[in-house]
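Working notes, structure below.
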Amino acid sequence: MPFPPRPPRPPSIDQGVIATIWAVGLSIYIYFGLIAVGSSGATAIVITLVSFAAIWLVVRLRGEEAPPRRRPSRRGS
């Protein structure tokens, strides 16, 4: 009996790339939010760059899910 065809697995993307995507997206949101509430452009840029670095670091260090641990199989039981 042949095995049914399995769909291809999605490509593996490095955690640094994922962290950069998150940091860019949220930093753009923060920048335009600061501009919308009347912050000056220089203040918005500085806060955006600091938040970019913080978001990138948090997502890079804490954003990856650890794969579930496999339990050792019981042989001989």
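Scanning segment 15-49 for residues that are part of a loop (DSSP other than H, G, I, E, B) and touching a helix residue (DSSP H, G or I) at 6+ places or on another chain (Cβ under 8 Å) yields a single hit, Ser39. Among the residues of segment 32-64, the ones that are basic (Lys, Arg) and farther than 15 Å from Val17 by Cβ come to 1 in all. Cβ-Cβ below 9 Å, separation at least six or inter-chain, first residue in segment 22-46 and in contact (Cβ under 8 Å) with a residue 24 or more places away in the chain, second outside any helix (DSSP H, G or I): which pairs? Cβ pairs passing all conditions: Trp22/Gly63.
Suppose we keep only residues that are of a type in the set (Gly, Ala, Ser) and not in a helix (DSSP H, G or I) within segment 50-70. Which one would you say is modelled with the highest pLDDT?
Start the filter on segment 50-70 by keeping residues that are of a type in the set (Gly, Ala, Ser), which leaves 51, 53-54, 63, 66.
Still in the running and not in a helix (DSSP H, G or I): 63, 66.
On the way: Gly63: 77, Ala66: 68.
Among them, the one singled out is Gly63.
May I ask you to list the residues in segment 1-48 that are at pLDDT 95 or above, surrounded by fewer than 10 Cβ atoms within 10 Å (Cβ to Cβ) and closer than 30 Å to Glu65 by Cα? Passing the criteria: none in range.
The values are calculated or read from the model by the stated rules, or taken from the named source; none is laboratory data. On a predicted model such as this, the values are computed, not experimentally measured, just so you know. All Cβ positions, glycine included, derive from the backbone under ideal geometry; neighbour counts span all protein chains shown.
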